[in-house]
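Below is one structure, written out as structure tokens; comments come after it.
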Amino acid sequence: MSSNAVNPYQPPTTVVASQIDVDDDAVRFFTTDANLRFAESHFVLRLHPVRLIIVSLLLIAASSVVMVFSMFLGTIVFGVSSVAVMVISALIYLASVYRTKLKMRQRWSNHGLQDGTISSVGIDDDDLVLKSPSGVFRWPIESTRTYRTRKGLMVSPEPLLCLFVPKKNQSAPPVYDELQARLRS
């Protein structure tokens with residue numbers, strides 16, 4: 001079992017710092033597992049688009065060849081090979097981004113972005129500031145990349161680190177809008 005595996009018997013993560021000193025101009029939000037998984041999947045697609053396209057096209061081509069040959073061998077062989085091709089294709093596709101996902105999860109853990117924690121993201125003197133249970137982290141705004149999604153903002157201040165700021169957060173809507181405008185400019 002790897003060190004990154006999830007133990008289903010482990011008690012849920014407790015919020016270490018539930019009262020983080022947050023400025024009025026910072027967006028305060030709860031980090032949830034659903035938001036982390038959403039950010040992870042969208043960020044991986046943006047990080048490795050060419051790799052995922054090539055892998056997908058190769059898997060489609062290989063699957064088509066296997067399916068055509070298995071059609072001539074009978075219905076049972078066709079049915080079994082259909083299931084086998086789907087399973088193998090899914091595993092290969094997941095394996096193409098597995099290491100990236102592990103590194104992202106480790107970076108989130110190092111920055112205190114885990115399920116059940118409270119964090120805030122704001123801008124101070126042309127720096128992006130993350131306040132989390134692990135501490136305060138700063139990055140120059142000009143070195144960040146920002147992506148809008150239907151659920152919020154993804155901000156990438158470093159390689160393999162994506163901060164997800166959900167639209168539904170614990171701050172006033174103008175604070176979120178101002179953060180979005182400053183990051184997109």
Next item on the list: Could you work out how far helix 173-184 tilts from the main Cα principal axis of the chain, as a 0 to 90 degree angle to the nearest 10?
Entry: 70 degrees
Item checked: Selected from Leu52, Tyr98, Ile88, residue furthest toward positive end of dipole (region 41-126; charges at beta carbon) -> Ile88
Note to self: Need the full-extension length gain, Ser56 to Phe78, defined as separation in residues times 0.36 nm minus the C-alpha distance. One decimal, nm.
What the structure shows: 5.8 nm
Next item on the list: Along each of the three principal axes of the Cα atoms of the chain, give the extent in whole Å, ordering the values from largest to smallest.
Entry: 68, 42, 25
Item checked: Heavy-atom surface of region 40-99, accessible at 1.4 Å and reported per residue (Å²) -> 69 Å²
Note to self: Tell me which of Gly135, Val121, Val65 sits at the most positive position along the dipole axis of the chain, charges placed on C-beta atoms (Lys, Arg +1; Asp, Glu -1).
What the structure shows: Val65
Next item on the list: Mind pulling the angle between the C-alpha long axis of helix 98-110 and the longest principal axis of the chain? Nearest 10 degrees, somewhere in 0 to 90.
Entry: 20 degrees
Note to self: Please report the net charge: other residues with Cβ closer than 15 Å to the Cβ of Ala95, K and R +1, D and E -1.
What the structure shows: +4
Check: Percent of accessible area on the chain owned by carbon and sulfur, 1.4 Å probe?
Finding: 62 percent
Checklist line | Computed accessible area, Met86, all protein chains, 1.4 angstrom probe, square angstrom | finding: 120 Å²
Check: Angle, helix 75-95 long axis vs. longest principal axis of the chain, Cα atoms, 0 to 90°, nearest 10?
Finding: 30 degrees
Check: With every protein chain kept in the model, how would you rank Lys168, Lys103, Lys131 by accessible area, 1.4 Å probe, largest at the top?
Finding: Lys168, Lys103, Lys131
Checklist line | Computed [θ] at 222 nm, helices only, for the chain once each DSSP H run of length n ≥ 4 contributes -39500 (n - 2.57) | finding: -15000 deg cm²/dmol
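The values are calculated or read from the model by the stated rules, or taken from the named source; none is laboratory data. These figures come from a predicted structure and were not determined experimentally. Note: ideal-geometry Cβ built from the backbone for every residue, glycine included; neighbour counts use all protein chains shown. SASA here: full protein model, heavy atoms, side chains in, ligands and nucleic acids out. Shrake-Rupley method; radii C 1.70, N 1.55, O 1.52, S 1.80 Å.
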